[in-house]
Amino acid sequence: MLEKLLKPLAPYLPENNRLERIWILAKFDFKSRYYYHNLGVLWALIKPLFEFVVYYVVFTMIFSSSMPNYALYLFLGLILWYFFVEGSSKGIHVLLSKRYLLENIPFNKLDLFISSTFSAFLGFLFNFFAYIVLSLILGIIPLNSYFLYFPLLIANLFLLTMGTSLLLATIGIYVKDIQHVWDMVILAGLWLTPVLYDKALIEEKFASLLYLNPVAGIMINIREVILYNRLPDLTFLLFNFAYASLLFLLGYYLFKAYSHKAAEKI
């Protein structure tokens, strides 16, 4: 099934070069996660759908959320959040899981992080297609006059995710407990990011958190563009690109400086 979905992209990836290697690594990583499961890659959709149903029931029936189009608001927030969480978390283990490649094939270690993040992005695309279907069923047309901002915002999230992944991988070379620390950060981040609730709840008392948390700004802008057919907040856009760029450069610099220790540490 995955091969059919990805086949249209194959002609744009030249053979025998770096792009092909990244593509093969990303595709293999995405497929291998579901290889031994009966439902295969459908699990990439089932899990976020299940959590969507749970949160939707809790926030609409128990907390009585009256937000318009809350189902779309929630589902879009969840799949964006899971892309960031999965893509960043994978960086912690990428050197260990691909150790066999590092020991036998000379190539740029950065390719592992690009392919790892792209693998998480494939899962996002799978779920975004489900969002498009749900959106059309509910009568909301996601392709609007501001949709051209969407690739830019997704590129911002991709850069932020890969920068975080590089930083976590570098820390993980020396601090083996980083996964547990990051799990706690993710749990806190879920509730400090307007994934489940209206951003107005943060804006009223803790507006600065939206600037300290770049995932929040990107998520708000994507919803503005896709769900509400409005111009994204340009302040958020500039701030979040600066944040992602600095984090990526920091992560890349530290990884280049200390990744040579990975072979003896992992």
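For the reader, a short list of remarks on this structure follows.
- Order of Y197, Y253 under a 10 Å beta carbon neighbour criterion, fewest first: Y253, Y197
- Among the listed pairs K90/K176; K47/K109; K90/K205; K27/K90, those beyond 23 Å (Cα-Cα): K47/K109; K90/K205
- Projected label distance in nm at F147 and V181, using a 7 Å step from Cα toward the beta-carbon: 4.3 nm
- Loop-resident trypsin sites (Lys or Arg not before Pro) (DSSP state other than H, G, I, E or B) in segment 116-223 with no more than 12 further Cβ atoms inside 10 Å of their Cβ: K176.
- If the segment from A242 to L190 were pulled out straight at 0.36 nm per residue, it would be longer than the present Cα-Cα gap by 16.5 nm.
- Working note: Karplus 6.51/-1.76/1.60 with θ = phi - 60° gives segment 137-148 the couplings 4, 8, x, 9, 8, x, 8, 10, 5, 9, 4, 4 Hz, where Gly and Pro are set to x.
- Chymotrypsin sites (Phe, Trp or Tyr not before Pro) lying in DSSP loop within segment 141-170, provided at most 16 other Cβ fall within 10 Å: Y146, F147
Read-outs throughout are calculated quantities, based only on the coordinates presented, and are distinct from any laboratory measurement. Because the structure is a prediction, the values reported are computed rather than measured. Neighbour counts are summed over all protein chains in view; Cβ atoms, including those assigned to glycine, are modelled from backbone coordinates with ideal geometry.
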